[in-house]
Amino acid sequence: MREQVLLRRAQAPALDLAAYAASGGLAGLARARAIGREEVCRIVGESGLLGRGGAGFPTGRKWESVRGAAERERYFVLNADESEPGTFKDRVMLETDPFMVLEGLLIGCYAVGAGRAYVYVRGEYRAAAELLGRCLGELEAAGHLAGLGPEGGPLEVELRLGGGAYICGEETALFRSIEGYRGEPMSKPPFPTVAGLFRRPTAIDNVETVANVPDIVRHGPQWLRGYGTERSPGVKLYSVSGHTSRPGVYELPFGAPLAELLALAGAEDLQAVLLGGAAGTFLFPQDFDMPLSYEGAQERGATLGSGALIAFDRDANLWRVAERLGRFFAHESCGQCVPCRVGTRRQHEMLEALAEGRGLGDERELLLELAEVMTDASICGLGHTAAVAVRSLIEAEGRGLLAG
Ligand SMILES: Cc1cc2nc3c(=O)[nH]c(=O)nc-3n(C[C@H](O)[C@H](O)[C@H](O)COP(=O)(O)O)c2cc1C
Ligand code: SF4
């Protein structure tokens, strides 16, 4: 069994502040206060921490940019919306180590000089939201929020329940949702670090990303680099579901082979896996030696996304799976831009025809054309990635990899 870093308290969660402090908690926050905002940003940057929400953007660069902004009104947002099919690692992180996530959030607020933070939790995650509310109350009552705001002022943290749509996890749509509007994405640039929540400089980070921060600040930048690979330092959480005997959340250092994750989850004799969530790619047994790192996935034309893996046995009809994914995207498209609003519907119709064996013969060609249009002309990441899994399935079929 590998050493567990992010999940180290999962078997015996520290759900009150005294237990958390007794297990080494709050040392990162104390060190952050001692070394100052600039140094915290430097350490996080040097650690090589990459965002775990899907895009893998360097966290330190984001924080540095907000810290250096001219405006004094700045925000920090914790993205706990987690609504992609097959993704549940943030819920496990929140429910088993809420204080570590909140400590990372407080350090982040301090580092960027935010006076107000929002914790945006998926609406269906009632238990996690209640727990977070209670933990935040304990931290505040014990004085841990005092002096973290700009120029030693107060920090306010507000909990918000998500709007019940996948698109509300997209950062700009999430800002709109907090502001009280429909959760619809906005064109970028400007990026959130320049004009985010309420059009002010904003750092937005995923739950798993900030959970790494207390240890990084406490032990220094080299600590994270003690795990994983040079280009993907640290460990990663994976949500594993589908045809496995032990579905659940698993932690591995970056660079561990995909086969190791499958063995942990009891996934055997598979036809394929979908790695990276609904917008991920299908991988087949000849790729199960792939190192699970950002660069390892990229070399195989795959993506880790936020770490969702769905396993499929030899009896699974992967066109039916693609049809379900197509239905998801058509349903979740916010409808704001034509390539995505119309494209995801046409894509779903063609996938339905293929899954039911009533295609006219030109669907694959049309799906690839549609994929190009949606990728190039959509406003946000949903439209950009709605065809990724479909494209990988067409390619795999062409190589004769599908069962039956
Ligand atoms: C359609 C869509 C849904 C998303 N949903 C989430 C989500 O539920 N949680 C999340 O952390 N990031 C989600 N993201 C990514 C966020 O926009 C953003 O990149 C992320 O919160 C940044 O945090 P990180 O740098 O820590 O990864 C989503 C992106 C898209 C395009
Ligand atoms: S790409 Fe889709 S989800 Fe994104 S803004 Fe356009 S219609 Fe909405």
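Take the residues in the stretch 350-380 that are without any contact (Cβ under 8 Å) to a residue 12 or more places away in the chain and surrounded by 15 or more Cβ atoms within 10 Å (Cβ to Cβ); name whichever of them is nearest to ligand 1 (Cβ to nearest atom).
Residue satisfying both the conditions and the ranking: 353.
For the stretch 359-378, which residues satisfy the criterion of being aliphatic (A, V, I, L, M) and either assigned to a loop (DSSP other than H, G, I, E, B) or modelled with pLDDT under 95 (or both)?
Of everything in the stretch 359-378, just one residue is aliphatic (A, V, I, L, M) and either assigned to a loop (DSSP other than H, G, I, E, B) or modelled with pLDDT under 95 (or both), namely 360.
Can you pull out every residue in the stretch 368-404 that is of a type in the set (Gly, Ala, Ser) and either more than 11 Å from ligand 2 (Cβ to nearest atom) or more than 17 Å from residue 345 (Cβ to Cβ) (or both)?
371, 381, 387, 389, 392, 396, 398, 400, 403, 404
With modelled with pLDDT under 95 and over 23 Å from residue 11 (Cβ atoms) as the only criterion, which of 158, 140, 151, 171 stands out?
Matching residue, one of 158, 140, 151, 171: 151.
Being within 16 Å of ligand 1 (Cβ to nearest atom) and surrounded by fewer than 20 Cβ atoms within 10 Å (Cβ to Cβ): is that true of residue 336 here?
Yes: the conditions hold for residue 336.
Which residues, counting only those in the stretch 52-80, are under 12 Å from residue 203 (Cβ atoms), away from ligand 1 (no atom under 13 Å from the Cβ) and in contact with a Lys or Arg (Cβ under 7 Å, 6 or more places away or on another chain)?
Hits for the stretch 52-80 are 67, 74, 75.
Looking at the stretch 89-98, is at least one residue touching a residue at least 40 places away in the same chain (Cβ under 8 Å) and either of a type in the set (Gly, Ala, Ser) or within 16 Å of ligand 2 (Cβ to nearest atom) (or both)?
No, the stretch 89-98 contains no residue that is touching a residue at least 40 places away in the same chain (Cβ under 8 Å) and either of a type in the set (Gly, Ala, Ser) or within 16 Å of ligand 2 (Cβ to nearest atom) (or both).
Which members of the stretch 219-232 meet the condition of being assigned to a helix (DSSP H, G or I), crowded, with 21+ Cβ neighbours inside 10 Å and either free of Cβ contacts under 8 Å to residues at least 12 places away in the same chain or more than 15 Å from ligand 1 (Cβ to nearest atom) (or both)?
None; the set is empty.
Since residue 177 meets every condition but one in (1) more than 16 Å from ligand 1 (Cβ to nearest atom); (2) buried (at least 21 other Cβ atoms within 10 Å of the Cβ), which condition does it not meet?
Among (1) more than 16 Å from ligand 1 (Cβ to nearest atom); (2) buried (at least 21 other Cβ atoms within 10 Å of the Cβ), the lone unmet condition for residue 177 is (1).
Go through the stretch 243-344 and tell me which strands (runs of 3 or more DSSP E), entirely inside it, have 3 or more residues that are more than 30 Å from residue 186 (Cα to Cα).
248-253, 270-275, 308-313
Working only within the stretch 316-333, note down all residues that are free of Cβ contacts under 8 Å to residues at least 24 places away in the same chain and surrounded by 19 or more Cβ atoms within 10 Å (Cβ to Cβ).
330
Being more than 19 Å from the chain's Cα centre (by Cα) and farther than 14 Å from residue 195 by Cα is the filter here, so list the residues in the stretch 60-82 that pass it.
Of everything in the stretch 60-82, just one residue is more than 19 Å from the chain's Cα centre (by Cα) and farther than 14 Å from residue 195 by Cα, namely 64.
Considering only the stretch 132-140, I want to know if a residue exists there that is buried (at least 20 other Cβ atoms within 10 Å of the Cβ), in the same structural domain as residue 161 (by TED's automatic domain parsing) and among the small types (Gly, Ala, Ser).
No, there is no match, as no residue in the stretch 132-140 is buried (at least 20 other Cβ atoms within 10 Å of the Cβ), in the same structural domain as residue 161 (by TED's automatic domain parsing) and among the small types (Gly, Ala, Ser).
Could you tell me whether residue 288 is in contact with a Lys or Arg (Cβ under 6 Å, 6 or more places away or on another chain) and either under 20 Å from residue 54 (Cβ atoms) or hydrophobic (A, V, I, L, M, F, W, C) (or both)?
When the stated conditions are applied, residue 288 does not pass them.
Could you check the stretch 146-176 and list, in sequence order, the residues that are farther than 18 Å from residue 54 by Cβ and small (Gly, Ala, Ser)?
Residues satisfying the conditions are 146, 147, 149, 152, 153, 163, 164.
The values are calculated or read from the model by the stated rules, or taken from the named source; none is laboratory data. All values derive from a computational prediction rather than experimental measurement. A quick note on method: Cβ atoms are made from the backbone with ideal geometry, for glycine too, and the neighbour counts reach across all protein chains shown.
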